Amino acid sequence: MARRRLPAEKRRESLLKAAERCLARKGYYSCTTADIASEAGVTEPILYQHFEDKRELVECMRDRTVQDISRYVVRRFLQKTTPLAGLREAAEAAFDFTRRHRSKMRAYYYSIPELGRGGFHRTPVDRLHRLHSAVSYILEEGQRQGSVRKDLKPEDFAWSYIALMEIVYIANALGLEVPFNDKRKYLELVDRLLRNASATGEIEG
Amino acid sequence: MTVPAERRFRKNSRQEIIQAALRCFAARNYDGASMSDIAQEAGITKRAIYRYFPSKRDLFYAVRDSVYRSIVENLWADLPKARDFPELADRLMRAHLRFSMENPDMLRIVVNTISEAATREFQENIEELLADRAEEIGALVQAGINEGTLDPQLDPEFLSWIIVLIFFFLTYMLAFEEDWLLPRGEEAASIILRPILESLAPRR
């Protein structure tokens, strides 16, 4: 069967998607470039025309996932008019995104096996830092507007919020069904946390 | 009862192989550590390793189980000293963070095992492993509800899983060598947990 020649961009895209599926199924170690190439319906040499090695391919896959989820979460955040309502919406958005793209998000977490070696672990750490800066800033803004308790330390509280957000990704990576079976219970925890940050105990907007 | 000399020797060398493999996997990851490396680290032959572990994967699983067992044993050792649930949860998280900081090799194995979660055998094992923990924590949550520090409207089972997951979150932050967390040490666990615990108290 003659293989259709795809433009370089499309070929890259199909390889990245194949890497997602492959990694989500087999984990980082067991998934080889040969597996990824075959999943994408091409030979290994073609994969190597686009990516230097498995590591580079996985890094690109990871960057793309971070971009996708960030865009989605930020878009949902911006639909709300107050900082705390925005944060509540963002947590729900992260949950929804994970539930809708379980293998994509699983592949992302499985791609973090080599911590502290070279620059390979930068993406996940950078993502966490950007998220932390954003959440801290949003809380500070809430304090300026008077909707967030003044005695709260945004930098610290942001990590509590991020912990609740991040455990959804971790549960997904571990293959646990717990938070996904009961969205209402999960959101109740987020809601309680954010009410605790509110100056009035309520979340307006 | 005395253990026959041969049995005792066998048990020791199995444990020594696991310890050597732990160091190798932590330093070079699963792919990078060969059975020859592990044999050299343990000071025995490759053949001797294969007598205890049919494959590298089996050896990795043995290492992982030993790491999780150590973590849990360490945690539960701190258990009886707390007055109420918030204090107990705080102590558990701090103990976990302290232990992980003192045992960087183990920390790396925990992170490694998440990336191995895709394989079916691991999946079954981790659910089992964590279900026991969640059940134990569930009992503590129920006690918290009974003593009035946790809202009775909360679902103890659901909450116990959330707490197990927060343990993993802290492990990740530590493995990332996160700038905010490192200088704060175990205090970071308290800072993260405090607002969450406050928000779980009964509503006035």
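Just a yes or no: is a residue in the stretch A:129-140 at the interface with another protein chain (Cβ under 10 Å from one of its Cβ atoms), farther than 25 Å from B:R203 by Cα and not small (G, A, S)? Within the stretch A:129-140, one or more residues are at the interface with another protein chain (Cβ under 10 Å from one of its Cβ atoms), farther than 25 Å from B:R203 by Cα and not small (G, A, S).
Is it true that A:G201 is at pLDDT below 95, more than 11 Å from chain B (Cβ to nearest Cβ) and assigned to a loop (DSSP other than H, G, I, E, B)?
Values: at pLDDT below 95: yes; more than 11 Å from chain B (Cβ to nearest Cβ): no; assigned to a loop (DSSP other than H, G, I, E, B): yes.
No.
Here is the figure for the stretch B:182-204: residues that are surrounded by 13 or more Cβ atoms within 10 Å (Cβ to Cβ), more than 9 Å from chain A (Cβ to nearest Cβ) and under 17 Å from B:L92 (Cα atoms) total 6.
For residues that are farther than 14 Å from A:A91 by Cβ, among the polar types (S, T, N, Q) and buried (at least 20 other Cβ atoms within 10 Å of the Cβ), scanning just the stretch A:141-184, find the one that is nearest to the other protein chains (Cβ to nearest Cβ). Looking at the filtered set, the residue picked out is A:N172.
Residues in the stretch A:26-60 that are within 14 Å of another protein chain (Cβ to nearest Cβ) and of a type in the set (S, T, N, Q) were compared, and the one that is farthest from A:L16 (Cα to Cα) is A:S30.
Taking the stretch B:30-62 as the range and being under 18 Å from B:I114 (Cα atoms) and surrounded by fewer than 20 Cβ atoms within 10 Å (Cβ to Cβ) as the test, the residues that pass are B:D31, B:G32, B:K56, B:R57, B:D58, B:Y61, B:A62.
Only one of the listed residues (A:R5, A:R55, A:R12) is among the basic types (K, R) and under 30 Å from B:A175 (Cα atoms). That residue is A:R55. Is it true that B:G148 is surrounded by fewer than 19 Cβ atoms within 10 Å (Cβ to Cβ) and more than 10 Å from every other protein chain (Cβ to nearest Cβ)? Yes, satisfied. Scanning the stretch B:66-76 for residues that are closer than 15 Å to B:I109 by Cβ and in contact (Cβ under 8 Å) with a residue 24 or more places away in the chain gives B:S66, B:V67, B:Y68, B:S70, B:I71, B:V72, B:N74. Within the stretch A:140-154, residues that are part of a helix (DSSP H, G or I) reach partners that are exposed (fewer than 11 other Cβ atoms within 10 Å of the Cβ) with beta carbons closer than 8 Å, at six or more positions or on different chains, in the pairs A:Q143/A:K150. Taking the stated definitions as given, is A:P113 in contact with a Ser or Thr (Cβ under 7 Å, 6 or more places away or on another chain), buried (at least 19 other Cβ atoms within 10 Å of the Cβ) and at pLDDT 95 or above? No: the conditions fail for A:P113.
Scoring A:K10 on the criteria (1) over 21 Å from the mean Cα position of the chain (by Cα); (2) surrounded by 22 or more Cβ atoms within 10 Å (Cβ to Cβ) leaves a single failure, condition (2).
Within the option set B:L97, B:L88, being away from chain A (no Cβ under 13 Å), within 19 Å of the chain's Cα centre (by Cα) and modelled with pLDDT of 90 or more holds for one residue only, B:L88. Of the set (1) more than 24 Å from A:Y110 (Cβ to Cβ); (2) more than 13 Å from chain A (Cβ to nearest Cβ); (3) of a type outside the set (D, E, K, R); (4) in a helix (DSSP H, G or I), all apply to B:P54 but (4).
The values are calculated or read from the model by the stated rules, or taken from the named source; none is laboratory data. Worth saying up front: this structure is predicted, and the values here are computed from it rather than measured. FYI the Cβ positions are ideal-geometry reconstructions off the backbone, even for glycines, and counts take in every protein chain you see.
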